[in-house]
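Below is one structure, written out as structure tokens; the observations come after it.
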Amino acid sequence: MQSKEGFTLIEMVISVLLLSMITTFLYQTLSQFRLTTNSYKSSATKIDNREKIVKTLFLDIKLSEPSSLNILEDDKEFNAITLQSTHSLHRRYNPYITYAVNKNVLYRIESLEAITVPIIQDLKKSVSIDSLGKVSNFKIYKSTKASSFLIDYRAKKSDITLFKINMN
């Protein structure tokens, strides 16, 4: 009697079939995981960018000289603000900062000299212009009773960011 060593053809076909089914399910799971991860990563990046903009705006206003703060009314959805602050993104000492909206894009302009709005000056001087992204609304309201400000910043109509800054 001969001893049987090895696998039959049917056993090999079944094992390859099972292995291919397991591999297919694992690939689909991995693919779905990548899609979900990319979606969460995109959302987290948007939130992080918005938080950076809000933090920069907050620090610019909070660390500004209250008498230098000037709010310029543009229209019902946007206005511009000029101020002098101790907060700088570009390593300047007490820079003049202007926030202005042009074609639904919020810009932060930092300079060693005061900048007027509308900007008609020669901007070749030591000026840094940062694009903070598209906005649907950018309004700053000054309180009449106390030295505080309410800022309404919206990247989209649905993304409402309201915050209050007390200057005291």
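Derivation of every value follows stated rules applied to the coordinates shown; laboratory data play no part. Keep in mind it's a predicted model, so treat the numbers as computed, not measured. In this analysis, Cβ positions are derived from the backbone assuming ideal geometry, glycine residues included, and neighbour counts consider all displayed protein chains.
Here are a few things to note about the model shown:
- Counting only Cβ charges, +1 for Lys and Arg and -1 for Asp and Glu, the dipole size of region 49-166 around its Cα centre is about 360 debye.
- Label selected from [x] 220; [y] 109; [z] 130, the criterion being volume of the Cα convex hull per residue in Å³ as computed here: [x]
- Net lengthening on full extension, SER15/LYS103 (0.36 nm per residue, minus Cα-Cα): 25.4 nm
- Helical runs (DSSP H, four residues minimum) scored at -39500 (n - 2.57) apiece and divided by the length of the chain put the mean residue ellipticity at 222 nm at -12000 deg cm²/dmol.
- Listed residues THR29, ALA114, GLY6: farthest to the positive end of the dipole of the chain (Cβ charges): ALA114
- Short-range pairs are left out: with C-alpha atoms under 8 Å and at least six residues apart, the relative contact order of the chain is 13 percent.
- Set LYS52/LYS142; LYS46/LYS142; LYS55/LYS156; LYS41/LYS76 screened for pairs whose C-alpha atoms are more than 25 Å apart: LYS46/LYS142; LYS41/LYS76
- 0 to 90° range, to nearest 10: angle between helix 9-62 axis and the chain longest Cα axis: 10
- Longest segment of the chain lacking GluC sites (Glu not before Pro) that sit in a DSSP loop with at most 10 other Cβ atoms within 10 Å: 6-112
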